[in-house]
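The values are calculated or read from the model by the stated rules, or taken from the named source; none is laboratory data. Just so it is clear, the model here is predicted, and its values are computed rather than measured. In this analysis, Cβ positions are derived from the backbone assuming ideal geometry, glycine residues included, and neighbour counts consider all displayed protein chains. Heads up: the accessible areas ignore ligands, DNA and RNA and are worked out on the full protein's heavy atoms, side chains in. Shrake-Rupley method; radii C 1.70, N 1.55, O 1.52, S 1.80 Å.
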Amino acid sequence: MNKLVTILVIFFMVSCSADRTKIPCYAWLGGPGNATDSDLKAQFTDLKDKGIDGLMYSAGRDPEVYKRIGKIARETGLKFYTWIPTLTQNNNPDMKPEWYAVNGIGESAFDKPAYADHYHFVCPNRSEIYEYLDKLYGSIAEIPEVDGIHLDFIRFPDVILAKGLWKKYGLVMDREFPQFDYCYCDKCVSDFKAKSGIDIKAVKDPSQVEEWKQFRYDLITNLVNHLADVIHSKNKEINAAVFPGPNSIARKIVRQEWDKWNIDAFFPMNYNDFYLEGTKWIGDMCREGVAALDDKKPLYSGLFICPDPAGKSAEADPENHGLLPEELEAAIASSMENGAAGICLFTPDRMTEKDWEIFRQAIYKDFTKK
Ligand SMILES: [Zn+2]
């Protein structure tokens, strides 16, 4: 009899949970640091219980580490994507100085990165970079415990910074400036000359040359589509963190024409505070992205969470801003009502208890596309 009751209870629980449609939720997460397997298991179980379905997990470049963590994530019922920067290569002994991107005043991102110390971008137009990334992502895609590859920094450095960051860097970026404009390495300059007949180094204002912009959108698109072939040939998925848009922002500021990318899912970083915008804007960005993709590929709305809601108003650095708990439901609603397939949190570590409380309710609500 007890057994029968147990079976009935389980059946009831399963049918209830099947009735409750949940918004698909992903999270960007880094690790593992010194965490043991049981620490990771506990962390992932907690995230799964809170409503996270899959991880974009950053743990360096060692396939063995991803194998270990992927196994635990998959056992916990989480999808597992490896989050490894594509075109920023910092402290990587496999890189040669001449592979790095060069700006419009001849400085290399190898030793003179723009804006930040981690902005060591390599040139996306070099066969050596193609070969390196094939090998890196290809070997990780072969790991059975990995669902797919998540690209990030798959772009040029910001030729225009998001408006919310101007003050932090002491810049007014009302136009493209040559020191933030890439790539003027010998190969890019000569390939563009061969293609268009234009010597871009002789042009007074390269920002006015539409073919030069398109040439660089295509460099990124060609690399992504090449990597997509590599990963798909191993029967794995490939997706990417992208800037919002594509047309209103991503193309203009980081030269991503991501609606032309042959990947399986898109994770626009709809980080509203970086653009001095609110939650309605998050929806606008989702609507634009879904329309650009012709609603054929899933778009997960990347949400930037405020790590310290009480201190936000006193915090000068926008990279420590983000959504407050009272904005979280509106951000999720706005994403879903504008066609997102789900959301992605940056990051679960930034979520407060209050955030989780609101999140756990919101992800079961019906925010049908309007
Ligand atoms: Zn180049």
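Positive-end ranking of Thr347, Val242, Tyr364 along the dipole of segment 215-370, with charges on Cβ about the Cα centre, is headed by Val242.
When the C-alpha to C-alpha distance is required to be over 25 Å, the pairs from Lys167/Lys204; Lys195/Lys234; Lys112/Lys213; Lys71/Lys234; Lys50/Lys260; Lys280/Lys312 that qualify are Lys167/Lys204; Lys195/Lys234; Lys50/Lys260. Shape class of the chain from the Cα gyration tensor (axes a ≥ b ≥ c, square roots of the eigenvalues): prolate, since a/c reaches 1.5 or more and a/b is larger than b/c. Charge dipole (Cα centre; +1 on Lys/Arg Cβ, -1 on Asp/Glu Cβ; no other charges) of segment 215-370 amounts to roughly 560 debye. Name the shape class, rounded, prolate or oblate, that the alpha-carbon gyration tensor gives for segment 69-173, where a ≥ b ≥ c are the square roots of its eigenvalues, rounded holds for a/c under 1.5, and otherwise prolate holds if a/b is larger than b/c and oblate otherwise. Verdict is oblate for segment 69-173.
Here the calculated FRET efficiency for Thr45 and Glu357, from their Cβ-Cβ distance with R0 = 25 Å, stands at 0.85, rounded to the nearest 0.05. Highest mean first, the peptides 241-251, 135-145, 213-223 sorted by other C-beta atoms within 10 Å per residue fall in the order 241-251, 213-223, 135-145. Placing +1 on each Lys and Arg Cβ and -1 on each Asp and Glu Cβ, with no other charges, gives the chain a dipole about its Cα centre of roughly 540 debye. Over segment 221-350, the reciprocal of the mean inverse Cα-Cα separation, the Kirkwood hydrodynamic radius, stands at 15.2 Å. Per residue of the chain, the DSSP helices (runs of n ≥ 4 H) give a summed -39500 (n - 2.57) that works out to -12000 deg cm²/dmol at 222 nm. Summarising the amide proton neighbourhood of Tyr184: residues at separation of 5 or more, or on other chains, whose placed amide H is nearer than 5 Å comprise Val102, Asn103. Using the 1.4 Å probe convention, the accessible area of the chain works out to 46 Å² per residue with neighbouring protein chains retained.
With the simple spin-label model, which puts each label point 7 Å out from Cα in the Cβ direction, the Trp166 to Lys369 separation comes to 3.5 nm. With all protein chains in place and ligands, DNA and RNA left out, the 1.4 Å accessible area ranks Thr352, Thr36, Thr82 as Thr36, Thr352, Thr82, largest first.
Taking a ≥ b ≥ c as the square roots of the Cα gyration tensor eigenvalues, segment 147-246 comes out oblate, since a/c reaches at least 1.5 and a/b does not exceed b/c. Computing the accessible area with a 1.4 Å probe over protein heavy atoms, can you report the carbon and sulfur percentage for the chain? Percent of accessible area from carbon and sulfur atoms in the chain: 53.
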